[in-house]
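The values are calculated or read from the model by the stated rules, or taken from the named source; none is laboratory data. Not measured: the values here are computed from a predicted model. All Cβ positions, glycine included, derive from the backbone under ideal geometry; neighbour counts span all protein chains shown. Just so you know, the surface numbers come from the protein's heavy atoms only, side chains and all, with ligands and any DNA or RNA stripped out. Shrake-Rupley method; radii C 1.70, N 1.55, O 1.52, S 1.80 Å.
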Amino acid sequence: MRKNNMKLKEEGKGYRVFTVFNTILMALVVLVTAYPLWYVIIASLSDPSSMLTDYGLMWLPKFPLSLETYEFALLNPLVMSGMKSTLFIVVVGVSVNMVFTCLGAYVMSLRRSIFRKPLTIMFIFTMYFNGGIIPTYLNVQSFGLMNSLWSVIIPVAINTYNMLILRSAFVAVPDSLVEVARIDGASHARILVQIFLPLSGATLAVMVLYYAVGHWNAWFYASLFIQKPEMYPLQVVLRQIILLNKNASASAAALTDNASSMLLELVKYALIVISSAPILILYPFLQRFFTKGVMVGAIKG
């Protein structure tokens with residue numbers, strides 16, 4: 001009995017040591033990953049003239065607080081046009097994605113369909129093999145989608161991985177509900193809309209977030225298919241400003257070289273915050289669906 005108590009005490013002590021070590025390690029990981037984002041936020045709110053005197057590691061913004069960088073960024077006409085283009089791509093793109101993903105997942109979930117297995121093989125094949133950039137460019141060009149926002153929506157109208165996750169959620173729907181609906185004369189469209197979709201709400205929320213984040217952060221296809229600056233989405237505008245420094249204006253030209261350089265640097269931080277804020281705001285509202293929605297695809301099917 002005494003030996004068992006000693007063993008339990010030793011195990012309890014080891015567990016406490018591990019807990020303390022693990023907590024410290026995780027705190028350091030959080031600090032390392034969160035600090036760059038925190039630095040971008042406080043730097044974008046700092047006064048440019050104050051940043052000239054001390055530009056390095058900091059934990060608080062340089063007072064007085066200033067919104068000059070945000071005003072300067074929002075005065076750039078490309079930023080506003082990029083925001084409009086990105087909102088169109090996200091809203092329309094997610095709608096197109098969800099329609100095709102739901103239809104494909106529904107067909108793949110039909111146990112009695114003779115096309116289920118060949119369609120599944122065909123869809124999975126596209127996950128590992130594709131035509132490449134040049135055939136994609138030629139297809140977009142032949143369909144007359146160049147310099148159109150549809151060129152960044154249609155080529156990615158469906159994601160096979162997301163469709164497989166949603167298909168697993170549809171497979172989890174009880175067959176009895178589907179059979180009762182068929183006896184009542186319900187069509188496939190009615191079964192999909194009134195049975196499958198309401199019972200797969202968590203997975204659908206995850207799909208919406210996946211697609212929305214993908215469209216919001218996408219820039220490669222837009223830079224490839226769109227040559228008109230006024231049609232650039234926000235991420236392409238941000239890339240142009242950060243990499244090519246195409247944000248010079250009369251306000252920046254009136255400043256000294258050092259002040260102008262610092263202002264342009266802080267404007268980049270402001271643009272990063274502007275481009276990241278919508279997704280960071282949306283994420284907490286859909287986070288609670290993650291575990292349930294994704295685990296359905298991991299366990300079922």
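Filter region 91-111 down to the residues that are in a helix (DSSP H, G or I) and within 25 Å of PRO174 (Cβ to Cβ) and list them by number.
Within region 91-111, MET98, VAL99, THR101, CYS102, LEU103, GLY104, ALA105, TYR106, VAL107, MET108, SER109 qualify.
Out of the residues in region 265-293 that are modelled with pLDDT under 75 and buried (at least 20 other Cβ atoms within 10 Å of the Cβ), state the one that is farthest from the chain's Cα centre (by Cα).
Applying the filter and picking the extreme gives LEU266.
Specify the residue that is modelled with the lowest pLDDT; the eligible residues are those in region 223-253 that are within 23 Å of ILE281 (Cβ to Cβ) and in a helix (DSSP H, G or I).
Once the filter is applied, the top-ranked residue is ILE242.
Failed condition for VAL296, given (1) open to solvent by 60 Å² or more (accessible area, probe 1.4 Å); (2) within 30 Å of LEU110 (Cα to Cα); (3) at pLDDT below 80, with all others met?
(1)
Restricting attention to region 154-199, which residues are open to solvent by less than 40 Å² (accessible area, probe 1.4 Å) and among the β-branched types (Val, Ile, Thr)?
THR160, ILE165, VAL171, VAL173, VAL178, ILE191, ILE195
Using the structure shown, decide if SER151 is over 18 Å from the mean Cα position of the chain (by Cα), among the hydroxyl-bearing types (Ser, Thr, Tyr) and buried (at least 16 other Cβ atoms within 10 Å of the Cβ).
yes
Only one of LEU65, LEU25 is assigned to a helix (DSSP H, G or I) and of a type in the set (A, V, I, L, M); which?
Just one listed residue meets the conditions, LEU25.
Just to check your reading of the model, which residue among LYS117, LYS9, LYS84 is open to solvent by 80 Å² or more (accessible area, probe 1.4 Å), part of a helix (DSSP H, G or I) and at pLDDT below 80?
Being open to solvent by 80 Å² or more (accessible area, probe 1.4 Å), part of a helix (DSSP H, G or I) and at pLDDT below 80 holds for just one of LYS117, LYS9, LYS84, which is LYS9.
Is it fair to say ALA73 is open to solvent by less than 20 Å² (accessible area, probe 1.4 Å), closer than 27 Å to VAL236 by Cα and in contact with a Lys or Arg (Cβ under 9 Å, 6 or more places away or on another chain)?
Yes, satisfied.
Would you point out the residue of region 127-148, among those that are open to solvent by less than 70 Å² (accessible area, probe 1.4 Å) and part of a loop (DSSP other than H, G, I, E, B), that is farthest from GLN227 (Cα to Cα)?
Among those that are open to solvent by less than 70 Å² (accessible area, probe 1.4 Å) and part of a loop (DSSP other than H, G, I, E, B), it is GLY131.
If the requirement is being of a type outside the set (Lys, Arg), more than 24 Å from ALA205 (Cβ to Cβ) and touching a helix residue (DSSP H, G or I) at 6+ places or on another chain (Cβ under 8 Å), which of these qualifies: VAL107, VAL140?
Exactly one of VAL107, VAL140 is of a type outside the set (Lys, Arg), more than 24 Å from ALA205 (Cβ to Cβ) and touching a helix residue (DSSP H, G or I) at 6+ places or on another chain (Cβ under 8 Å), namely VAL140.
If the requirement is being farther than 26 Å from ILE279 by Cβ and either buried (at least 19 other Cβ atoms within 10 Å of the Cβ) or among the small types (Gly, Ala, Ser) (or both), which of these qualifies: SER95, SER109?
Going through SER95, SER109 in turn, the sole match is SER109.
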